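What follows is a single structure, written as structure tokens, with notes after it.
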Amino acid sequence: MLQVQFIRQNRELVLERLAVKHFTDAAVVVDEVLALDDQRKKLTLEYDETQAKVNSASKEIGKLMASGDKSGAESRKQEVAAFKQALGPIDEQLRSTEKLLHDTLVRLPNLPGADVPKGRTPEDNLEIRRGGDIPTLAEGAVPHWDLAKKYDLIDFELGNKVTGSGFPFYKNKGARLQRALISYFLDFNTSAGYTEFLPPFLVNEASAYGTGQLPDKEGQMYHMQEDNFYLIPTSEVPLTNVFRDEILKESELPVKITAYSPCFRREAGSYGKDVRGLNRLHQFEKVELVQIVHPETSYQALQEMVSHVEKLLQSLNLPYRILNLCGGDMSFASAQTFDFEVWSAAQEKWLEVSSVSNFETFQTNRMKVRFKDENGKNQLVHSLNGSSLACPRIMATLLENNQTPGGILLPEALHTYFGADRIA
RNA sequence: GGUGAGGUGCCUGAGAGGCCGAAAGGACCGGUUUGCUAAACCGGCGUACGGGUCAAACUGUACCGAGGGUUCGAAUCCCUCCCUCACCGCCA
């Protein structure tokens, strides 16, 4: 959620930035926000002044009663009654204005940062780096879903039977590899200074709202109606909400957290060739990074996270590329996002395995995550997050890219975690 | 799930219709004293939204788990919900 104050002071800049995100009717919505905020201030003043009269009259009544002046008290009561009559409609208007202001404000996406490329579609994303070597596979190389069957690593049909499509069973060495990835990623992150958490996998409504899953992305989450809990689509949700309504000390920044969790996504309406095998699932394993930082250092933190994830991919010897997402392809809440994609050699396409974003104050404004600066003033912190990494697609590319007649050769970093150097 | 007790500021904890944005202590911040550390003493110390101001000072309103209600007036009384704790039941 953008800050009204900021919009008011930087109207032109806001419009210009919103254009980079291809947000239509920006001027209309922005001006509506400003008008509603004016209305809100006016009504607030009116309400406060009337209420102040009620309060002071009530105090007098108390004194009059104490001094035995019953008739004086009675006449003051009449006055109060009149004030209160006036207060009702003002209160009603104020509430509806505040709600409308809020509802309008949340329609505005975050402003893209200065380095965000202009552009509308994924083709306009700016590739900033590549790393690793794209392997040439031997004749007869197959996609991961065939490899999974060949080595008995994943059972998609069994998942269909027990739950439904998009909920695979990992088995044998497949399950072991999945566990190895999670452990390796977590260790890699903690040794870089991230604190390990293991969050709840269900969150309440306030938390789903806090990170912006609600109200607009309602249909993408699984909802437990009985208890009104939501299955987390990413551990970003519980992790960022740790700090909801908190005022941190400046010395506590930056906060760096990593956590494993399964992620649950309904992915309603996405079917077809892109969702085959491990490419897109309703439940998948992921290790996440979250940082809560001083506003002045968030872009530095973003670079640090990007290079951290990059090192992790390098240690897996996977061919990757890093994209600076263009305004049109970024998420609603992000100010800048770098996507990591790895090359799936058998499918011959790039698969997104991580998305690292700076949200600036967009999330923290909604969640009221602040810190006390050296002047004793409360300021919003910046929040960032990124995956390190999404397991299924890493698994898919590891299988495909490293297939040899002698089995699937795993990168050295995983040998101890997996307990072997290959799947054979 | 049942029964009981509770939810007050960063923490502990008082307050039981007006004198309460809230005692006291601790923590924290600033200062004095001090060979260092510690202690002692003095002062400060919630949040949000308004008004006001160059900025302050100052000032209004709201907030004592959440939402309603009673009342001229609610942290305090009533209702609903949420949560916590204890015991019982069930259970990895």
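Values in this text are rule-based calculations from the coordinates and carry no lab data. On a predicted model such as this, the values are computed, not experimentally measured, just so you know. Ideal geometry is used to build each Cβ from the backbone, glycine not excepted, and the neighbour counts take in all protein chains shown.
Placing pseudo-labels 7 Å out from each Cα toward the beta carbon at A:A141 and A:L158 gives an inter-label distance of 2.8 nm. If you plug the beta carbon distance of A:K59 and A:E98 into 1/(1 + (r/R0)^6) with R0 = 30 Å, you get a FRET efficiency near 0.60.
Could you work out the relative contact order of chain A? I mean the mean sequence separation of Cα pairs under 8 Å and 6+ apart, divided by the number of residues, in percent. Contact order relative to length: 20 percent.
Coordinate range of the alpha-carbon atoms in chain A per principal axis, descending: 102, 45, 43 Å. Can you grab the distance from the C-alpha centre of segment A:237-311 to the C-alpha centre of segment A:1-68, Å, no decimals? Cα centroid to Cα centroid, the span is 34 Å. List the aspartates and glutamates whose Cα sits under 16 Å from the Cα of A:K42, skipping any in the same chain fewer than 8 residues away. Partners within reach: A:E32, A:D91, A:E92, A:E98.
Cross-link check: pairs A:K53/A:K368; A:K217/A:K286; A:K84/A:K372 evaluated at a Cα-Cα cut-off of 27 Å; pairs beyond the cut-off: A:K53/A:K368; A:K84/A:K372.
Calculated on the alpha-carbon coordinates, the convex hull of segment A:4-105 measures out at 87 cubic angstrom per residue. Here A:K41 is the anchor, and the lysines within straight C-alpha reach of less than 18 Å, apart from those fewer than 8 places off in the same chain, are A:K99. Each stretch of four or more DSSP H residues adds -39500 (n - 2.57); spread over every residue of chain A, this sum gives -13500 deg cm²/dmol at 222 nm. Solvent-free Debye calculation, one equal scatterer per alpha-carbon of segment A:346-419: log10 I(q)/I(0) at 0.19, 0.25 Å⁻¹ equals -0.86, -1.15.
Note on A:K149 and A:L214: the model spin-label points, each 7 Å out from Cα along the C-beta direction, lie 4.3 nm apart. With a simple spin-label model that places each label point 7 Å from the Cα along the Cα-to-Cβ direction, the separation between A:A114 and A:D91 comes to 4.9 nm. Report the calculated FRET efficiency for A:L409 and A:K41 (r = Cβ-Cβ distance, R0 = 60 Å), to the nearest 0.05. Between A:L409 and A:K41 the formula returns 0.35. In units of the rule-of-thumb radius 2.2 N^0.38 Å, segment A:199-323 shows an alpha carbon radius of gyration of 1.21.
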